[in-house]
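J.: Before I ask anything, let me first share the structure, which is written out below as structure tokens.
Just so you know, all these numbers are worked out from the coordinates, no wet-lab data involved. None of these values were measured; they are calculated from a predicted model. Every residue, glycine among them, receives a Cβ derived from its backbone with ideal geometry; neighbour counts consider all protein chains shown.
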Amino acid sequence: MKAINNIYKIGTWLILSLMLMTACNDDGDKIYLSSIEGSDFVVTESNVKLSKENSTRVVLSLAWTKDAFLAVSDPSVSSTATVSYYIQISTNPDFNVKSEIYEESATGFSKAYSGAELNIIAKTLGLEPDNETPLYFRIKSVTGANMDGPYSEVATVNVTSYLIDMSVGTILDADKAETGRILVSPELNGIYTGFMGASGWYNYYLLEGDGTIWGNDGVSGAAFLMSSENDDDKRWNFWFPGITGCYFTEVNTIKKQWSALLLPTLTVSGDIQAEMNFDRPTVRWTAVFNATEASTMNIKLNAAGKLYDYTTGDSDAAAKDTPFAFSQDGENIIRAEQAGDITVSVPEAGTYTLVVDLSNPQAWTCTAVSGSEEPEPVIQYLYLPGIDDGITNADWNFDHYLKLYNENELKYAGVINVNSKWGYSINTEKDNWTDRYNMDEGDAYAGKLRFKGEENNIPAPTPGVYLIETSMISFEYSLTAIGNQIYVLGLHDVWQFNTPLTATATAGVYAGNITINSASPWGFAIHLKNGDWDRKFGGSGGKLYYRGENIKDDADLAPGTYLMTVDLINETYSITQ
């Protein structure tokens with residue numbers, strides 16, 4: 001797309017035509033302001049295809065001639081008219097049907113539209129999604145309350161819009177990437193609900209169908225209050241309380257508040273009696289039972305919940321006791337004021353697992369599954385055979401690995417001294433050469449993975465120390481080169497990239513002096529690149545954790561200067577005098 005500052009090079013500035021008008025009456029001279037002529041008007045694109053993927057990016061820009069000065073009828077009087085500009089958009093090139101015109105006031109002499117903004121306008125004007133349709137743009141200038149126009153020339157842009165589905169809110173991770181999970185608003189009323197299996201302090205954003213991204217209001221002490229400001233200083237991510245578990249989540253965009261109702265346990269009573277077990281990654285509750293014969297069983301499901309909202313913040317002590325119950329609605333179960341009868345069928349005698357599946361907010365289910373169903377354990381490590389054969393000059397091995405750091409999104413990371421001759425693979429089990437991921441598309445630094453890709457190794461980057469990140473949900477990988485310096489942020493509550501640690505002769509090991517004046521209320525962290533707030537390590541007790549909680553050793557250290565040594569590959573640190 002052409003840059004907005006190049007737009008003005010396209011058109012020629014229009015010289016204003018000024019008219020002088022005079023009139024007299026008994027009250028003395030009257031002074032009249034003239035209107036402007038039609039101004040030059042340019043757009044950056046003639047064809048725009050909109051999608052959720054480009055909803056937050058600028059897809060179209062407009063600019064027109066600045067026209068600030070107007071002639072007055074008496075040159076002895078110094079007066080300047082205020083000109084107001086309006087952008088008009090229509091499906092009709094003649095703009096002769098008022099109901100078919102979208103109009104908005106303009107600030108300045110240009111306008112940039114994100115994909116979401118333009119898509120909303122397309123919906124307002126009745127464009128059919130996925131069909132290319134011409135939209136007509138012009139600028140209206142107004143110099144007085146009763147002076148309508150003149151107008152610019154009309155510019156045509158062929159726009160392909162997409163369906164705005166306001167019944168679904170997409171859960172984004174802390175990097176605003178899609179997680180594959182949703183909340184729903186079946187009434188289309190801006191209130192999104194559903195269950196989430198969240199680890200302690202898990203954080204996220206919510207993306208609406210119109211492209212609006214919601215997060216927490218960027219004010220300390222304002223947990224569970226919401227903001228859609230497109231500014232990370234004013235909109236933080238939502239965060240859950242510190243207790244890991246099953247949360248019924250409600251995001252209310254009308255009240256700009258959200259809440260998290262923790263279900264610590266789920267009790268089944270009736271023909272089956274048990275305390276159910278929660279599997280967080282799958283958002284399912286299970287309980288094993290035995291049936292003596294084929295039958296239809298009647299059960300009830302109850303939970304004693306703890307509600308966190310804007311009145312409680314994330315304080316466990318302040319959380320409100322809130323009961324939660326289910327009843328049956330056809331083949332599904334729904335929330336109920338009081339627990340209702342739920343029926344499950346078993347075809348014969350035997351061992352069964354009662355499964356309450358809350359992963360799909362559009363259809364919660366309660367079923368009996370034959371056998372004793374145990375949740376599969378989450379893989380903790382991914383191995384990288386081939387990553388170092390240029391260093392060892394030996395056969396491929398399983399000595400290097402990535403560690404799970406985000407169980408909700410199956411994200412793994414690790415710092416590796418990379419020197420590979422033939423590329424490498426990502427394997428799911430130590431010494432298992434078969435279950436592996438290779439490159440599907442991309443290059444040495446980023447791309448998509450494919451399970452058991454045929455001899456298509458992930459290409460080797462230039463040798464060096466890299467942070468390698470991957471997701472087993474989106475099947476993406478990325479490599480970030482780590483330079484000669486990393487940074488300590490947060491000491492005595494100063495969050496600037498001005499305390500470097502320098503690379504030593506040992507790959508991945510950095511050292512430097514740090515000064516502690518007083519304990520930071522938030523602790524401090526190790527950031528890998530200047531200006532990069534996301535790629536960081538926290539830690540405790542000499543161990544580092546990627547994106548973990550901040551290091552708080554400064555609370556136990558006297559003011560002074562210390563030597564800090566960080567080993568990113570082995571994930572350790574030390575602070576000594």
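J.: Please compute the net charge surrounding Lys306, taking Lys and Arg as +1 and Asp and Glu as -1 over other residues with Cβ under 15 Å from its Cβ.
T.: Net local charge, Lys306 excluded: -4.
J.: How about the stretch 121-197: which GluC sites (Glu not before Pro) there are in a DSSP loop, with at most 10 other Cβ atoms within 10 Å of their Cβ?
T.: Glu187
J.: Express the C-alpha Rg of the stretch 485-576 as a ratio against the empirical globular expectation 2.2 N^0.38 Å, rounded to two decimals.
T.: So the Cα radius of gyration is 0.95 times the expected 2.2 N^0.38 Å.
J.: In nanometres, what is the gap between the two model label sites at Phe497 and Asn513, each 7 Å from Cα along Cα-to-Cβ?
T.: Taking the two extended label points, one gets 2.4 nm.
J.: Contact order normalised by length for the chain, with contacts defined as Cα pairs under 8 Å and 6 or more residues apart; what percent is it?
T.: For the chain, the relative contact order is 6 percent.
J.: What FRET efficiency would be calculated for the residue pair Arg547, Trp522, taking the C-beta separation as r and a Förster radius of 22 Å, to the nearest 0.05?
T.: E between Arg547 and Trp522, to the nearest 0.05, is 0.90.
J.: Largest first and in whole Å, give the semi-axes of the chain's equivalent ellipsoid, each being the square root of 5 times a Cα gyration tensor eigenvalue.
T.: 53, 36, 26
J.: Listing Lys123, Lys234 from the residue with the fewest other Cβ atoms within 10 Å to the one with the most, what is the order?
T.: In order of increasing Cβ crowding within 10 Å: Lys234, Lys123.
J.: A further question follows. Report, in debye and to the nearest 20, how large the dipole of the chain comes out about its Cα centre when Lys and Arg carry +1 and Asp and Glu carry -1 on their Cβ.
T.: The dipole magnitude comes to about 960 debye.
J.: I would also like to ask the following. If I take R0 = 45 Å and measure r between the Cβ atoms of Met166 and Glu275 in this structure, what FRET efficiency does the formula 1/(1 + (r/R0)^6) give, to the nearest 0.05?
T.: Step by step, r from the Cβ atoms, then E = 0.75.
J.: Quick one: order Asp217, Asp399 by neighbouring beta-carbon count within 10 Å, fewest to most.
T.: Asp399, Asp217
J.: Here is a follow-up. Anything over 30 Å Cα to Cα? Flag those among Lys255/Lys320; Lys98/Lys255; Lys123/Lys411; Lys452/Lys529; Lys52/Lys255, in the order listed.
T.: Checking Cα-Cα distances, Lys98/Lys255; Lys123/Lys411; Lys452/Lys529 exceed 30 Å.
J.: Sticking with this one: Does a label point 7 Å from the Cα of Thr265, set along Cα-to-beta-carbon, have any residues of the stretch 292-327 with amide nitrogen under 12 Å, and which are they?
T.: It comes to 302-305, nothing else.
J.: What list do you get for Trp236, Trp495, Trp422 if you sort them by fewest beta carbons within 10 Å?
T.: Least to most surrounded, the residues fall as Trp422, Trp495, Trp236.
J.: Using +1 at the C-beta of Lys and Arg and -1 at the C-beta of Asp and Glu, which of Gln88, Val356, Ile120 has the Cα lying farthest in the positive direction of the dipole of the chain?
T.: Result: Gln88.
J.: How large is Rg/Rh for the stretch 256-332, to two decimals, with Cα atoms and a Kirkwood Rh?
T.: So for the stretch 256-332, dividing Rg by the Kirkwood Rh gives 1.07.
J.: When the scattering of the stretch 381-481 is computed by the Debye formula from its Cα atoms alone, each counted once and equally, what is log10 I(q)/I(0) at q = 0.11, 0.14, 0.16, 0.24 Å⁻¹?
T.: -0.26, -0.44, -0.58, -1.46
J.: Using only Cα atoms and rounding to the nearest 10 degrees, what angle (0 to 90) does helix 115-124 make with the longest principal axis of the chain?
T.: Its long axis makes an angle of about 70 degrees.
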